Amino acid sequence: MEIETIKELIKAFSEAELTKLSLKCEDFELKLGKEQTIYQTVMTETAPLVPSVQSPAYNNDIVMSEPEMTPAAEASGKAITSPMVGTFYAASSPKAKPFVEVGSKVKKGDVVCVIEAMKLMNEVEAEIEGEVVEILAANESMVEFGQPLFILK
């Protein structure tokens, strides 16, 4: 892999809200990591922002760490989590009202947000009933698989 490509990957990673990235290609392995707290998410592992050469085996696996709910968020209710990695949107369009707000009552099957992944808009439906007590993701932010988005009571 060329150094310019590696630099672009490092720059894109530092601008994204990902916490861990591992990429294996042909004759080297690139591992990136950072420690940060986003909303009620706890990140535990970090890795240096430098590529390291491993085995010459060809493998295109990308691994991302899953966020964990803090005890405070767990104690306050049940979470609706992200079913995929992508961009979180609270409304169907920039001028539309959000699907839910703090205090909104949701039923199982109600659309609570949209996540854009690979240019596809995916509606996220509530799997539980309750009242929204907290919204953990900011509009147009990157979310990870399993990341808590809403807390319901």
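All of the numbers you see were taken from the coordinates with simple rules; none came from a lab. Note that the structure is a prediction, hence the values are computed from the model and not measured. When we count neighbours, we look across all protein chains shown, and the Cβ atoms used for this are built from the backbone with ideal geometry, even at glycine.
Taking the highest mean first, how do the peptides 77-83, 138-144 order by number of other beta carbon atoms within 10 angstrom per residue?
Numbers: 77-83: 19.4, 138-144: 16.9.
In descending order of packing, they fall as 77-83, 138-144.
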Quickly work out the K97-to-K153 label distance, labels modelled 7 Å from Cα along the C-beta direction, and quote it in nm with one decimal. 2.3
Below 21 Å, Cα to Cα, which lysines can K20 reach? Residues fewer than 8 away in the same chain don't count. K7, K11, K31, K34
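Once you've got the Cα coordinates, tell me which of K24/K119; K105/K153; K97/K153; K108/K153; K95/K153 are over 19 Å apart. Kindly include the intermediate steps, with their values, before the conclusion.
Details: K24/K119 25 Å; K105/K153 10 Å; K97/K153 22 Å; K108/K153 13 Å; K95/K153 28 Å.
Long pairs (Cα-Cα over 19 Å): K24/K119; K97/K153; K95/K153.
So between V111 and K78, what do we pick up on full extension, going 0.36 nm a residue minus the alpha carbon distance? Intermediate results must be reported in sequence, preceding the final value.
Working: separation 33, 0.36 × 33 = 11.88 nm, distance 1.65 nm.
The V111-K78 span can extend by a further 10.2 nm.
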Average projection area in nm² (convex hull over Cα atoms of segment 98-143, one quarter of hull surface): 3.3
